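The structure under discussion appears below in the form of structure tokens.
Computed from the coordinates by the stated procedures, all read-outs in this text should not be read as laboratory data. From a predicted model like this one, the values you see are computed outputs, not experimental measurements. Cβ placement follows ideal geometry from the backbone for every residue including glycine, while neighbour counts extend to all protein chains displayed.
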Amino acid sequence: MKNEMLSTRIDHDTKLAFTHVCENMGLSPSQAIKLFAKAVVNYGGIPFELKVKQPNAATASA
């Protein structure tokens with residue numbers, strides 16, 4: 001199977017943090033993105049819940 005290139009833009013701080021986490025797990029950022037892409041395909045969607053953070057009682061009443 002022929003490999004394709006996927007390019008995206010990400011802010012500097014997120015890239016550094018992502019790279020740090022990946023390296024701590026023994027992965028390159030490229031390997032982690034490939035794992036994520038395969039998980040999306042196998043799951044048939046994003047393999048985790050996406051939601052907006054809800055305020056807790058203290059911040060909601062402020």
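For region 21-29, check the following and say yes or no: at least one residue is among the small types (Gly, Ala, Ser) and not in a helix (DSSP H, G or I).
The answer is yes, given that some residue of region 21-29 is among the small types (Gly, Ala, Ser) and not in a helix (DSSP H, G or I).
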**OP:** Evaluate region 7-16: report whether one residue or more is assigned to a helix (DSSP H, G or I), in contact with a Ser or Thr (Cβ under 8 Å, 6 or more places away or on another chain) and not aliphatic (A, V, I, L, M).
**Re:** no
Original post:
Does any residue of region 40-57 turn out to be within 22 Å of SER7 (Cβ to Cβ), out of contact with any Pro (no Cβ under 6 Å at 6 or more places or on another chain) and in a helix (DSSP H, G or I)?
Top reply: yes
**OP:** Can you give me the number of residues within region 10-29 that are out of contact with any helix residue (DSSP H, G or I) (no Cβ under 9 Å at 6 or more places or on another chain) and either of a type in the set (Val, Ile, Thr) or on the phi < 0 side of the Ramachandran plot (or both)?
**Re:** 8
